[in-house]
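Since the structure comes first, as structure tokens, the remarks are kept for the end.
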2 protein chains.
Amino acid sequence: MTLQEILGIDAPIIQAPMAGVQGSALAAAVSDAGGLGSLPCALLGVDDMRRELAEIRAKTGGPFNVNFFCHAPPAPSAEREAAWRAALAPYFAEFGVDPEAIPAGPGRAPFGHEAADVLEEFRPPVVSFHFGLPSADLLARVRGWGAKVLSSATTVEEALWLEAHGADAVIAQGLEAGGHRGMFLSKNPSKDLSTQVGTFALVPQVARAVKVPVIAAGGIADARGIAAALALGAAGVQVGTAFLLCPEASTSAVHREALKSEAARVTAVTNLFTGRPARSIVNRIIRELGPLSAAAPAFPLATPAVTALRARAESRGSGDFSPPVGRAERGRMPGSAGGGSHPGVGRRPVIVAFFR
Amino acid sequence: MTLQEILGIDAPIIQAPMAGVQGSALAAAVSDAGGLGSLPCALLGVDDMRRELAEIRAKTGGPFNVNFFCHAPPAPSAEREAAWRAALAPYFAEFGVDPEAIPAGPGRAPFGHEAADVLEEFRPPVVSFHFGLPSADLLARVRGWGAKVLSSATTVEEALWLEAHGADAVIAQGLEAGGHRGMFLSKNPSKDLSTQVGTFALVPQVARAVKVPVIAAGGIADARGIAAALALGAAGVQVGTAFLLCPEASTSAVHREALKSEAARVTAVTNLFTGRPARSIVNRIIRELGPLSAAAPAFPLATPAVTALRARAESRGSGDFSPPVGRAERGRMPGSAGGGSHPGVGRRPVIVAFFR
């Protein structure tokens, strides 16, 4: 079965779920254009999730993907949190952030039964995970309504693990990719970052190792990239950054300006924003504390303090702490923003025109 | 003009110069098969260089490339050397290496007039450089016999610099590449390593930025990789690791075994072997001291001490300090090892069959 048949889509193009910068509007537009739109759920409570899923169902009849993290939440450490806040103290002072007023919450919850309850109401046709797969009972619930399951691999070993544990397709996430590195067989992702490989080397290795279709991710933003990924053995692609300037994305004004700038060409993988390695445009905090800092608490516990700084800085027009990723050049999916109808199998999917 | 026309070759495949693991035999075989063979000269004195060039001329009528480094040699620092030897002291003791008996020589000399004198006798049709380009007077000497000039870029800025300074084609060296990162506009290559990008992202950026042909390097080892590189906008490819198991390479027995092992899948960029970032299979010294160590002296001054350790360890069958790169699966260029004749323009180059 081809990837298109497995996922029920016209073109083998998956819009990467990007928590914080997009929701139902972009997901529905991409699905409506013949690709697979994705709703990032890592930052959503159940009420928001229900509302967003209803929006997608109202806007498109096409298949879509919902994405969750499935990390094991770490035990909070008062000692590490204190070291982290000490490292950030000069920024708190400069930007007038009261460290006592920052909530110590976890920032991101892993997929659980409460979320599965909501999903059961909507029966999304595709569910993707980051950082491995959830427990067997949770996975069985997802399979219960016939959903196809995707997850990301950053090594051949992770791809084989995902295939063995029932993934219907594997996303080979090359080092160029935005967002968090999906590493889940590493005990210390920041340390093991040095052995992570680029899309060009990873995709053919994974394609040779597994029998399920491979979706290439990382550095793919145009038709040339898609052709190259298919040449390397991928059955499809996952694309994120290229969608960030679309009107359907909720990308902030500061972030949109950064994406169009030359500075956006210089990115690095950093653990400063959440505690896990993720790619970001090199900004002030990365230059001064990173890109990798031993002071950052375990994922996702590094998040709240930096999020508070980012919000304050962005309100002053500063991107000193903003983690946008990569450079984006395209602004609009032809025909998608205006609510064009689903093009249907057999016609050239509208989304293909986006990747000129 | 196509890359093949510029370089006078049948297939747009350049054998990457790999100092220490190959010489005239591999270069001549690749050139004879319709690609561009390369002689790495960074470790050769003038007598060896003359002998190797004579060998190539005797073995093939095809064009070939000679490769040089053009770094600015650093001032030796007794303090840094002492710190480096202190870091290595436990290994000296374990392997019975007398640190007093290690020469403090520079390890690699940059391209200079003495080497140009030798080249003038042989007039190699292509000269490639790493770490930028030599001074204008040296470059004029090379151009004097009509040689085409290549060099490596690891960023768009470096590619534009090379084009502006007269390179006939630019090698876009993605992060997957073996050997030294060609970074030459960075003041601190080990620090700036975090912003280096993979082949998949670098090649299209460079191809859009420069008018000269772009040669993709990094992670390319088979026909799929070549097709993908061309799809990304490259005019040709430079391939290294894939040739290391050829009988014409001088790859050591320990190194050949490592290349065929599963361990060879796990590589990292390290500064431990020479002082500059270069990709290596992850071995004991990288796990224990690296991959990046502030104790390593400036390039190439880190080399002699580790070279002494490597030689002693390899003589005991240990790869603890051996820096081979990547995994190799092919052993032979069809028709090349037997001294087959140059296939000639218009016929399918023999080298194409190597990349099945």
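Have a look at B:43, B:7, B:3 and point out the one that is aliphatic (A, V, I, L, M), in contact with a Leu (Cβ under 7 Å, 6 or more places away or on another chain) and at negative phi. Step through it out loud before you land on a result.
Details: B:43 fails: in contact with a Leu (Cβ under 7 Å, 6 or more places away or on another chain); B:3 fails: in contact with a Leu (Cβ under 7 Å, 6 or more places away or on another chain).
Testing whether each residue is aliphatic (A, V, I, L, M), in contact with a Leu (Cβ under 7 Å, 6 or more places away or on another chain) and at negative phi leaves just B:7.
Got a sec? Which of A:25, A:19, A:78, A:33 is out of contact with any helix residue (DSSP H, G or I) (no Cβ under 8 Å at 6 or more places or on another chain), more than 23 Å from residue A:321 (Cα to Cα) and hydrophobic (A, V, I, L, M, F, W, C)?
Working: A:25 fails: out of contact with any helix residue (DSSP H, G or I) (no Cβ under 8 Å at 6 or more places or on another chain); A:19 fails: more than 23 Å from residue A:321 (Cα to Cα); A:33 fails: out of contact with any helix residue (DSSP H, G or I) (no Cβ under 8 Å at 6 or more places or on another chain).
Residue meeting the stated conditions: A:78.
Condition test on residue B:93, is it of a type outside the set (Ser, Thr, Tyr), touching a residue at least 12 places away in the same chain (Cβ under 8 Å) and over 22 Å from residue B:186 (Cβ atoms)?
Values: of a type outside the set (Ser, Thr, Tyr): yes; touching a residue at least 12 places away in the same chain (Cβ under 8 Å): no; over 22 Å from residue B:186 (Cβ atoms): yes.
For residue B:93, the condition - of a type outside the set (Ser, Thr, Tyr), touching a residue at least 12 places away in the same chain (Cβ under 8 Å) and over 22 Å from residue B:186 (Cβ atoms) - is not met.
For the stretch A:1-86, which strands (runs of 3 or more DSSP E) that fit wholly inside it have 2 or more residues that are of a type in the set (Gly, Ala, Ser)? Walk me through how you get there before you give the answer.
Details: elements: A:13-15, A:37-40, A:64-69.
Counting at least 2 such residues, we get A:37-40.
Provide a single number: the residues in the stretch B:231-254 that are over 16 Å from the mean Cα position of the chain (by Cα) and either among the small types (Gly, Ala, Ser) or within 13 Å of residue B:319 (Cα to Cα) (or both).
Here the count works out to 8.
Does residue B:235 fit the bill of being touching a Ser or Thr at 6+ places or on another chain (Cβ under 8 Å) and closer than 30 Å to residue B:211 by Cβ? Reasoning before the result, please.
Working: touching a Ser or Thr at 6+ places or on another chain (Cβ under 8 Å): yes; closer than 30 Å to residue B:211 by Cβ: yes.
Considered against the rule, which asks whether it is touching a Ser or Thr at 6+ places or on another chain (Cβ under 8 Å) and closer than 30 Å to residue B:211 by Cβ, residue B:235 comes out as yes.
Looking at residue B:290 and the list (1) free of Cβ contacts under 8 Å to residues at least 40 places away in the same chain; (2) more than 11 Å from chain A (Cβ to nearest Cβ); (3) closer than 16 Å to residue B:194 by Cα, which single condition is not satisfied?
Exception for residue B:290: condition (2).
I'd like to know if the stretch B:253-269 contains one or more residues that are of a type in the set (Val, Ile, Thr), touching a Lys or Arg at 6+ places or on another chain (Cβ under 8 Å) and within 27 Å of residue B:84 (Cβ to Cβ). Steps first, please.
Initial filter on the stretch B:253-269 (of a type in the set (Val, Ile, Thr)): B:254, B:266-267, B:269.
Subsequent filtering for residues that are touching a Lys or Arg at 6+ places or on another chain (Cβ under 8 Å) retains B:267, B:269.
Filter again for within 27 Å of residue B:84 (Cβ to Cβ), leaving B:267, B:269.
Yes - at least one qualifying residue is present in the stretch B:253-269.
Could you list, in sequence order, all residues of the stretch A:28-60 that are surrounded by fewer than 21 Cβ atoms within 10 Å (Cβ to Cβ), small (Gly, Ala, Ser) and modelled with pLDDT of 95 or more?
A:54, A:58 - these are the residues of the stretch A:28-60 that are surrounded by fewer than 21 Cβ atoms within 10 Å (Cβ to Cβ), small (Gly, Ala, Ser) and modelled with pLDDT of 95 or more.
In the stretch A:169-206, what residues are at the interface with chain B (Cβ under 7 Å from one of its Cβ atoms) and open to solvent by less than 30 Å² (accessible area, probe 1.4 Å)?
A:174, A:175, A:176, A:197, A:198, A:199, A:200, A:201, A:204
Take the residues in the stretch A:253-269 that are small (Gly, Ala, Ser) and not in a strand (DSSP E or B), then tell me which one is most open to solvent (accessible area, probe 1.4 Å).
Only one residue fits best here, namely A:253.
Can we say residue A:108 is at positive phi, charged (D, E, K, R) and either open to solvent by 10 Å² or more (accessible area, probe 1.4 Å) or in contact with a Ser or Thr (Cβ under 8 Å, 6 or more places away or on another chain) (or both)?
Details: at positive phi: no; charged (D, E, K, R): yes; either open to solvent by 10 Å² or more (accessible area, probe 1.4 Å) or in contact with a Ser or Thr (Cβ under 8 Å, 6 or more places away or on another chain) (or both): yes.
No, not satisfied.
Working only within the stretch A:226-252, note down all residues that are buried (at least 20 other Cβ atoms within 10 Å of the Cβ), in contact with a helix residue (DSSP H, G or I) (Cβ under 7 Å, 6 or more places away or on another chain) and part of a helix (DSSP H, G or I).
A:228, A:229, A:231, A:243 - these are the residues of the stretch A:226-252 that are buried (at least 20 other Cβ atoms within 10 Å of the Cβ), in contact with a helix residue (DSSP H, G or I) (Cβ under 7 Å, 6 or more places away or on another chain) and part of a helix (DSSP H, G or I).
Go through (1) assigned to a helix (DSSP H, G or I); (2) modelled with pLDDT under 95 and name the single condition residue B:187 misses.
It fails just one condition, (1).
Exactly one condition in (1) away from chain A (no Cβ under 14 Å); (2) under 30 Å from residue B:94 (Cβ atoms) is not met by residue B:236; state its number.
Unmet for residue B:236, out of (1) away from chain A (no Cβ under 14 Å); (2) under 30 Å from residue B:94 (Cβ atoms): (2).
In the stretch B:270-287, how many residues are within 10 Å of another protein chain (Cβ to nearest Cβ) and part of a loop (DSSP other than H, G, I, E, B)?
1
Here is a check on your reading of the model: is residue A:277 open to solvent by less than 30 Å² (accessible area, probe 1.4 Å), within 22 Å of residue A:109 (Cα to Cα) and at pLDDT below 90?
No.
From B:136, B:115, which residue is open to solvent by less than 40 Å² (accessible area, probe 1.4 Å) and modelled with pLDDT of 95 or more? Even if it seems obvious, please write down each step before you answer.
On the way: B:136 fails: open to solvent by less than 40 Å² (accessible area, probe 1.4 Å).
Of B:136, B:115, the one residue that is open to solvent by less than 40 Å² (accessible area, probe 1.4 Å) and modelled with pLDDT of 95 or more is B:115.
Please indicate, with yes or no, whether at least one residue in the stretch A:236-247 is modelled with pLDDT of 95 or more, over 20 Å from residue A:29 (Cβ atoms) and in the same structural domain as residue A:28 (by TED's automatic domain parsing).
no
Taking the condition open to solvent by 40 Å² or more (accessible area, probe 1.4 Å), away from every other protein chain (no Cβ under 14 Å) and on the phi > 0 side of the Ramachandran plot, does residue A:123 pass?
Details: open to solvent by 40 Å² or more (accessible area, probe 1.4 Å): yes; away from every other protein chain (no Cβ under 14 Å): yes; on the phi > 0 side of the Ramachandran plot: yes.
In short, yes.
Would you say residue A:72 is of a type outside the set (Asp, Glu) and closer than 24 Å to residue A:189 by Cβ? Before the answer, list the steps.
Working: of a type outside the set (Asp, Glu): yes; closer than 24 Å to residue A:189 by Cβ: yes.
So residue A:72 fits the description; yes.
The values are calculated or read from the model by the stated rules, or taken from the named source; none is laboratory data. Note that the coordinates shown come from a computational prediction; the quantities given were computed from them, not determined experimentally. Heads up, the Cβs are rebuilt from the backbone with ideal geometry, glycines too, and the neighbour counts pull from every protein chain shown. For accessibility, only protein heavy atoms count, side chains too; no ligands or nucleic acids. Shrake-Rupley method; radii C 1.70, N 1.55, O 1.52, S 1.80 Å.
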